[in-house]
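The values are calculated or read from the model by the stated rules, or taken from the named source; none is laboratory data. Given the structure is predicted, the values throughout are model-derived calculations rather than measurements. All Cβ positions, glycine included, derive from the backbone under ideal geometry; neighbour counts span all protein chains shown.
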Amino acid sequence: MPLFLTPVVRQILGSRLQLDPDITKLAIDELLQLPSGKQLSQVLSIVVPGSTPQQFQLTLASAVRQPSGLSLLGFLKAYPEKTIQVDAISALAVAFQLNLNYLESQCLTPY
């Protein structure tokens, strides 16, 4: 049975963030030391059970070097393990939370 994604889910999975790879390593190191970075690591450990902050650091550093920028799919492709187990419900909950402002603006925009 084929899996069909709604336009909103496709938009979330395809969203990209352009970052300067030259300053990214320092920014990632600093981010992971901040309370919000530690919270991000906790959230990611729920989404990717059994993962470590070091894996996330390596993955982010690799994913931001992609010419297309950082995206959720790019992050998953850059993950350093051969296989990755993702809690899909948690991942979608995080993606929706991160894109809440966008979703709210779309709901308020008249057709």
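Would you check if there is a residue in region 30-46 being in a helix (DSSP H, G or I), surrounded by 13 or more Cβ atoms within 10 Å (Cβ to Cβ), at pLDDT 75 or above and in contact with a Ser or Thr (Cβ under 6 Å, 6 or more places away or on another chain)?
So far as region 30-46 goes, yes, one or more of its residues are in a helix (DSSP H, G or I), surrounded by 13 or more Cβ atoms within 10 Å (Cβ to Cβ), at pLDDT 75 or above and in contact with a Ser or Thr (Cβ under 6 Å, 6 or more places away or on another chain).
Given the conditions (1) assigned to a loop (DSSP other than H, G, I, E, B); (2) at pLDDT below 70, and given that P49 satisfies all but one, which numbered condition is not satisfied?
Exception for P49: condition (2).
I need every pair where a residue in region 27-48 that is within 19 Å of L72 (Cα to Cα) has its Cβ under 9 Å from the Cβ of a residue that is of a type in the set (D, E) and assigned to a helix (DSSP H, G or I), sequence separation at least 6 or different chains.
Matching pairs, first to second residue: G37/E30.
Out of the residues in region 47-61 that are more than 13 Å from the chain's Cα centre (by Cα) and hydroxyl-bearing (S, T, Y), state the one that is surrounded by the most Cβ atoms within 10 Å (Cβ to Cβ).
Quick first cut of region 47-61, residues more than 13 Å from the chain's Cα centre (by Cα) only: 49-55, 58.
So of that shortlist, the ones also hydroxyl-bearing (S, T, Y) come out as 51-52.
Values: S51: 20, T52: 12.
My answer is S51.
Could you tell me which numbered condition A95 fails, if it satisfies all but one of (1) under 24 Å from Q33 (Cα atoms); (2) modelled with pLDDT of 75 or more; (3) part of a helix (DSSP H, G or I)?
The one condition A95 does not meet is (2).
For S68, state whether it is of a type in the set (S, T, Y), modelled with pLDDT of 70 or more and surrounded by 14 or more Cβ atoms within 10 Å (Cβ to Cβ).
In short, no.
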